[in-house]
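Below you'll find the structure, written out as structure tokens, and then a few comments.
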Amino acid sequence: MPELPEVEALRRALDDPVRAFPVEKAGPAHIATLKTFDPPLAALEGRRLAGVERRGKRLLFPTEDGELVLLVHLMSAGRMRHVRAGEAGPKTPAFRMRFEGGGELVLTEAGAKKRAGVWLLTPEAAEQELAHLGPEALGVGVERLGEILSSDSRRLHSFLRDQRALAGIGRAWANEILHRARLSPFALSTELSREEVERLSAAIDEELARGLELRERGAKDATVYRIHNHLGEPCPDCGTPIARVDYEEHTIYYCPQCQTGGRVLKDRRLSRLLR
Ligand SMILES: [Zn+2]
């Protein structure tokens, strides 16, 4: 699932290829993928892109003339890549954009549900579309993080995943960050000590930087994640089997020794049903 490290690695890989040639043909796009109709995708044709930017988990492709921005959100199953001229690409991608040199930018999405989105916007509309996002998670800093944490009482795992609080982290990196910070996923944001906020701030930067470095080298999920999806495997720090707990439609992975003082967390969804 693409979160800040994955999307930033992708941004860096796409930045040169997308600016090399003007757009020859934008589209077609799957009806569920394209979220806007005015301006039409054809408005991109003949224009050159100024490269790729990123905000949280979203990619932005502004045109060189400053008039349009193509915004892409991959959600959990969307994947985007540049197909070089002559290279075989997917037959029916959710979105395709061809450049004059013959290269293509393609968005594919596994599964029947189409959740990934493409928006073609004016710069002003793009700004509005992104206005709800909190500060970038990477480099947020301990002072700012402390302020956001104390502004609302939340379980740490759902706090980290909330794009309005902090932009760029999803469930996989929330698991990695909380393990590195040695904090319980259920700890309340307003009840952290100064030292714990410092640990969380350092863990956010260290884990996202570690992820970005590995993704830029093409590393796969099994090696990038140390905790996420590693149920029953030994904790890399203490050897205790990694545990899981379901919460808010998400599966949380954690180490009961490093993070919760030996306590096993109860599945909140299940216990609510049984009550
Ligand atoms: Zn451990």
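What to note about this one:
- Taking Glu45, Glu24, Glu147 in turn, the Gaussian network model of the chain (Cα-Cα springs below 10 Å) assigns the largest fluctuation to Glu147.
- Spin-label model, Ser151 to Ile31: label points 7 Å out along the Cα-to-beta-carbon direction sit 4.0 nm apart.
- At an R0 of 30 angstrom, the distance between the Cβ atoms of Ala209 and Glu64 translates into a FRET efficiency of 0.45.
- Global geometry of the stretch 1-92, whether rounded, prolate or oblate, following the gyration tensor of its Cα atoms and the 1.5 cut on a/c: rounded
- Full extension of the segment from Arg19 to Glu249, taken as 0.36 nm per residue of separation minus the current Cα-Cα distance, would add 78.9 nm.
- Cα gyration tensor category, rounded, prolate or oblate, for the stretch 112-175 with a/c compared to 1.5: oblate
- Relative contact order %, the stretch 127-184, counting alpha carbon pairs below 8 Å whose residues are six or more apart: 38 percent
- Full extension of the segment from Val142 to Thr92, taken as 0.36 nm per residue of separation minus the current Cα-Cα distance, would add 13.5 nm.
- Selection from Val72, Gly111, Phe95 lying farthest towards where the dipole of the stretch 66-115 points positive, charges on Cβ: Gly111
- Anchor Lys35: lysines whose Cα lies under 29 Å away (excluding residues fewer than 8 positions away in-chain): Lys25, Lys57, Lys91, Lys113, Lys114
- Using C-alpha pairs under 8 Å with a sequence gap of at least 6, the mean separation divided by the residue count of the stretch 134-275 gives a relative contact order of 22 percent.
- Peptide packing: for 191-197, 51-57, the average count of neighbouring Cβ atoms within 10 Å per residue gives the ranking 51-57, 191-197, highest mean first.
- When Thr190, Thr92 are compared by accessible area at a 1.4 angstrom probe, the order from most to least is Thr92, Thr190.
- Extension gain for Glu45-Met1 works out to 12.8 nm (0.36 nm per residue, less the C-alpha to C-alpha distance).
- The HN-Hα couplings worked out from phi for the stretch 69-83 by the Karplus form 6.51 cos²θ - 1.76 cosθ + 1.60 (θ = phi - 60°) are 9, 8, 10, 10, 10, 7, 6, 9, 10, x, 9, 10, 8, 9, 9 Hz, whole numbers, x standing for Gly and Pro.
- About its Cα centre, the dipole of the chain is roughly 1100 debye, where the only charges are +1 on Lys and Arg Cβ and -1 on Asp and Glu Cβ.
- Three-way shape call for the chain based on the alpha-carbon gyration tensor, with the a/c threshold at 1.5: prolate
- Working note: Karplus 6.51/-1.76/1.60 with θ = phi - 60° gives the stretch 28-33 the couplings x, 10, 4, 4, 7, 7 Hz, where Gly and Pro are set to x.
- Positive-end ranking of Leu44, Ile148, His30 along the dipole of the chain, with charges on Cβ about the Cα centre, is headed by His30.
- If you plug the beta carbon distance of Ala77 and Ala222 into 1/(1 + (r/R0)^6) with R0 = 25 Å, you get a FRET efficiency near 0.90.
- Solvent exposure of Met97, expressed as accessible area, is near 0 Å², computed with a probe of 1.4 Å over the protein chains only.
- Relative contact order for the stretch 67-167: 29 percent, from Cα pairs under 8 Å spaced at least 6 residues apart, divided by residue count.
- Between Asp38 and Leu231, the modelled label-to-label distance comes to 4.9 nm, taking each label 7 Å out from Cα in the direction of the beta carbon.
- Using a Förster distance of 35 Å, the FRET efficiency for Glu191-Val264 (Cβ separation, nearest 0.05): 0.95
- Paramagnetic label zone (point 7 Å from Cα along Cα-to-C-beta, Glu127; backbone N under 16 Å) in the stretch 35-72: 62-63, 66-70
- Sorting Thr122, Thr251 by solvent-accessible area of protein heavy atoms yields Thr122, Thr251, largest first, with a 1.4 Å probe.
The values are calculated or read from the model by the stated rules, or taken from the named source; none is laboratory data. Because the structure is a prediction, the values reported are computed rather than measured. For neighbour counting, all protein chains shown are included, and Cβ atoms are generated from backbone atoms with ideal geometry for every residue, glycine included. All accessible areas refer to the heavy atoms of the entire protein, side chains included, with ligands and DNA or RNA removed. Shrake-Rupley method; radii C 1.70, N 1.55, O 1.52, S 1.80 Å.
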